[in-house]
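**Student:** The structure that follows is given in the form of structure tokens.
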Amino acid sequence: MTENLKQSLRDSKGARWFALSVVAFTMLCGYYITDAMNPLKPLLETQLGWTSGEFGVFAGAYGWFNVFLLMLIFGGIILDKMGVRFTGIGAAILMIIGTAVNYYSVSPFFPSTDLSFFGLRLQVLVACLGFATFGVGAEVAGITVSRVIVKWFKGKEMALAMGLEMATARMGTLLAMAIPLPLANYLGGVSKPILVGLILLCVGLVSFMVYCIQDKKLEQEGVEEEASEEEFKISDIKEIVTNGGFWLLALLCVLFYSAIFPWIKFSADLMINKYQVDPALAGLIPALLPMGCLVLTPLFGSIYDHKGKGATIMIIGALLLIAVHIVFLLPIAEWIIAMIATITLGITLSLLPSAMWPSVPKIIPERLLGTAYALTFWVQNWGLLAVPTVLGLVLNYTNAEVLPTKTFVKETIEQSYHNYAEQLGLDHLSKDKFNEEVGITTNEVVNYILCESDYEASENLKVSDLDDDELSDMYYVLIESLRREGLDKEALKAEFDKQIKTLTMSYAQSYKLPLRYNYLWPNVIFVIFGLLSLLIAFMLKLRDKKYNYGLELPNIEK
């Protein structure tokens, strides 16, 4: 009778799939914030003056505390000692706190200052600290949800469950790529999409609390987490780190995700600069990436559950990864090619992880799974920290004149707005609102230029060679001609904003202003990661044959 009670909830399909659905929604909310700033990179440059290097540092800040303060390791130990309820709620609260700090840093409430620390402007540093705090919560939430799935689905549809959880979470990535830029443009500020994410995370916390009720019922029936049956010891970490199979999985994890998640960070900017996609739509192509995950991750997980072949699936995923990044490397600027490659990358993101994560319990004892997942995520976070930072620096170094040129255009427009503030109806605006107006116009002007497929930039032009008086004089002639038409302030402003794009385009074409980033070297880096992933996947398959982990065997026990 006790045994029947112990198994009753886990034997109920409705109960275990309900448990999965609520924790998966919490992860969806977290994934939105993970990528919400990505499509905003052009706005961060034109409105807040961020460089590609600063954006890269911000993107890499996600892993600061996880890597350097070992917060993920501690999170895994806490998970093994305290269980999924305590750890999950704590992780959700950390995500909310980090996002609140991030929102404040890019909001109009943040004070204008030239202060800098450790080589970072105060605004960027605060944003990084917020994102780093969020990163701790997001990664600990990830290992907690993995442990939840093992707890409810071991010996059942575990790979399918992990696939469905990842597919649901990727919906957050889809939303993060598709809506922040239109939302920021419509509401007039880069902070608004982050505020939406903050609200979502609060809903996600409530969702996890609902799961906790279900988990408590399972515990009351006598089903405890294995950690409570055998006390976790710090010395048990040695059992994990001396396991060669664990390190192959961890290396495959960091290499594979370093070729995808950092790409997502820069993907909208890539679409604008290489494929001349309208910035208002640029996030929609990367948003296609999670679409494949919605159907294919559960499908591939189900195949692993019933047929096995986990190591083989990982090899095929690595091959697809290489092929996709070679396509992005080719000198082809057709958006349809970018769209097909992105969809294929989504298939890759479905294929390899659907076999990789369910393979961990085959290599590591269940009592150490929390710490094992934490160590795996910790290794992964080295890539999530270093790769975006390196990509930003590489973009800065190989496109040294792009940001100074954008700054040149912005300062010229700003000067014109100052000169004619009264005529344009801007004299009553606060400093922050005035700067926002300048940033929006500058962004529209730059995007207007980038969307021209036949635009040819100079490789040798230096901003110091440009004459800002010439462009200012052109704006002067424009405003004077518009004033003579007797337009009211609102109409004058609208017409000035409209014609300034054409005028600046003419100037940019005449001098071939370098406004586009060349993504050649970042794409080379991604191809290298793909090749290394393939090598590690082959090594893992060979080790599986030697030590009989069962990676090629089905997950469902018969």
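**Student:** From (1) modelled with pLDDT of 90 or more; (2) in a helix (DSSP H, G or I); (3) closer than 30 Å to Glu459 by Cα; (4) not β-branched (Val, Ile, Thr), pick out the condition that doesn't hold for Lys501.
**Tutor:** Here Lys501 meets the rest and fails (1).
**Student:** Filter the stretch 435-487 down to residues that are farther than 27 Å from Asp278 by Cβ and hydrophobic (A, V, I, L, M, F, W, C) and give me whichever is least open to solvent (accessible area, probe 1.4 Å).
**Tutor:** By that ranking, first place goes to Ile479.
**Student:** In addition: I'm trying to understand the selection: among the residues of the stretch 448-466, which are of a type in the set (S, T, N, Q) and within 18 Å of Thr502 (Cβ to Cβ)?
**Tutor:** Ser453
**Student:** Let me ask something else about it. Residue by residue through the stretch 488-515, note down the ones that are open to solvent by 50 Å² or more (accessible area, probe 1.4 Å) and touching a residue at least 60 places away in the same chain (Cβ under 8 Å).
**Tutor:** Lys489, Glu490
**Student:** Of the residues that make up the stretch 366-382, is at least one over 30 Å from Ser481 (Cα atoms) and at pLDDT 90 or above?
**Tutor:** The answer is yes, given that some residue of the stretch 366-382 is over 30 Å from Ser481 (Cα atoms) and at pLDDT 90 or above.
**Student:** Do we find a residue being open to solvent by 10 Å² or more (accessible area, probe 1.4 Å) and touching a strand residue (DSSP E or B) at 6+ places or on another chain (Cβ under 7 Å) anywhere in the stretch 102-116?
**Tutor:** The answer is no, given that none of the residues of the stretch 102-116 is open to solvent by 10 Å² or more (accessible area, probe 1.4 Å) and touching a strand residue (DSSP E or B) at 6+ places or on another chain (Cβ under 7 Å).
**Student:** A follow-up question, please. Among the residues of the stretch 516-558, count how many are crowded, with 16+ Cβ neighbours inside 10 Å, hydroxyl-bearing (Ser, Thr, Tyr) and not in a loop (DSSP other than H, G, I, E, B).
**Tutor:** Within the stretch 516-558, residues that are crowded, with 16+ Cβ neighbours inside 10 Å, hydroxyl-bearing (Ser, Thr, Tyr) and not in a loop (DSSP other than H, G, I, E, B) number 1.
**Student:** Okay, next question. So, in the stretch 246-290, exactly how many residues are small (Gly, Ala, Ser), part of a helix (DSSP H, G or I) and modelled with pLDDT of 90 or more?
**Tutor:** 3
**Student:** Residues that are open to solvent by 20 Å² or more (accessible area, probe 1.4 Å) and of a type in the set (Val, Ile, Thr): does the stretch 119-129 have at least one?
**Tutor:** yes
**Student:** When the residues of the stretch 182-191 are narrowed to those that are surrounded by 19 or more Cβ atoms within 10 Å (Cβ to Cβ) and either of a type outside the set (A, V, I, L, M, F, W, C) or within 17 Å of the chain's Cα centre (by Cα) (or both), which ends up modelled with the highest pLDDT?
**Tutor:** Ser191
**Student:** So the check is Cβ under 9 Å with 6+ separation or different chains; which pairs have a first residue in the stretch 233-249 that's polar (S, T, N, Q) and a second one that's at pLDDT below 85?
**Tutor:** So the pair list comes out as Asn243/Ala372.
**Student:** Taking the stretch 323-334, which residues are in contact (Cβ under 8 Å) with a residue 40 or more places away in the chain, open to solvent by 20 Å² or more (accessible area, probe 1.4 Å) and touching a Leu at 6+ places or on another chain (Cβ under 9 Å)?
**Tutor:** Matches in the stretch 323-334: Leu329 only.
**Student:** Same structure again: Pull up the stretch 341-365, narrow it to residues that are at pLDDT 85 or above, under 19 Å from the mean Cα position of the chain (by Cα) and not hydrophobic (A, V, I, L, M, F, W, C), then point me to the one that is surrounded by the fewest Cβ atoms within 10 Å (Cβ to Cβ).
**Tutor:** So, considering only residues that are at pLDDT 85 or above, under 19 Å from the mean Cα position of the chain (by Cα) and not hydrophobic (A, V, I, L, M, F, W, C), the one surrounded by the fewest Cβ atoms within 10 Å (Cβ to Cβ) is Thr344.
**Student:** Looking at the stretch 456-476 only, could you name the residues that are part of a helix (DSSP H, G or I), farther than 15 Å from Ser506 by Cβ and among the hydrophobic types (A, V, I, L, M, F, W, C)?
**Tutor:** Correct list: Val463 only.
**Student:** Could you check the stretch 60-164 for helices (runs of 4 or more DSSP H) lying wholly inside it with 3 or more residues that are of a type in the set (S, T, N, Q) and in contact (Cβ under 8 Å) with a residue 12 or more places away in the chain?
**Tutor:** The qualifying helices (runs of 4 or more DSSP H) are 84-106, 122-153.
The values are calculated or read from the model by the stated rules, or taken from the named source; none is laboratory data. No experiment lies behind these values; they were computed from the predicted model shown. Glycine gets a Cβ as well: all are built from the backbone with ideal geometry, and neighbour counts include every protein chain shown. Ligands, DNA and RNA are excluded from the accessible area calculation, which covers all protein heavy atoms including side chains. Shrake-Rupley method; radii C 1.70, N 1.55, O 1.52, S 1.80 Å.
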